Each structure stands twice: as C-alpha cells, then as structure tokens.
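Heads up: the structure comes next, in structure tokens.
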Amino acid sequence: MPTVRVRDNENFELSLRRFKRLCEKAGILADLRRHEFYEKPTWKRKRKKAAAVKRYQKKILREQLALERDRQPISMSAGHKKEKEAA
C-alpha cells in the first residue's frame, strides 16, 4: 500500500494527487477492478491468449516497420553530395 507523508505547509490536494499517482503506478485500482467480479478460468485463459496475440502482432508490426525503414533508399549518397558541393 503506497503511503504519502504530508510535508510542512503542503496543500492537502497536492498530497492527495501524489497519493493517487502512487496508487496508479502500483496498479491498485486496476487490480481492484479485476477482482471485483469472479472470473471463470475459461475467461482468464481467453483474456491471456488475447493479450499474447496482441503482443505478438505488435512485435511483428515493429519488425516490419524496422525493415521498411532500413529498405528506404538514401536520397543522396556521399559521392553525390561532394559533386553537388563542388559545383
């Protein structure tokens, strides 16, 4: 459980905002919402499988973008730059 010490002469709203930020980073609210209702084991498997598929598709997309970036032709090679500067 995140704790926040209120500093001297600190506004309550400011310390509350820090506490909320710590709770968000710790994932307390997300965990609470996940445990709010009973989740059947089949639903858990389905959710985990969907998350794995999403991660895999994201990985493939990143790899494709990297390949496309590497394949793009270079507009001016080093030799052309020297010729252009000389002219």
How many percent of the accessible area of segment 1-55 is carbon or sulfur, using a 1.4 Å probe? 57 percent
How would K48, K40 rank on accessible area, largest to smallest, probe 1.4 Å? K48, K40
Let me check something: with ligands and nucleic acids excluded, how do D31, D8 order by accessible area (1.4 Å probe), largest to smallest? D8, D31
With every protein chain in place, what's the accessible area of V4 (1.4 Å probe, Å², nearest 10)? 40 Å²
E13 and E39 label points (each 7 Å along its Cα→Cβ direction) are spaced in nm at 3.6 nm
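The values are calculated or read from the model by the stated rules, or taken from the named source; none is laboratory data. Not measured: the values here are computed from a predicted model. Every residue, glycine as well, gets a Cβ built from its backbone with ideal geometry; the counts of neighbours run over all protein chains shown. SASA here: full protein model, heavy atoms, side chains in, ligands and nucleic acids out. Shrake-Rupley method; radii C 1.70, N 1.55, O 1.52, S 1.80 Å.
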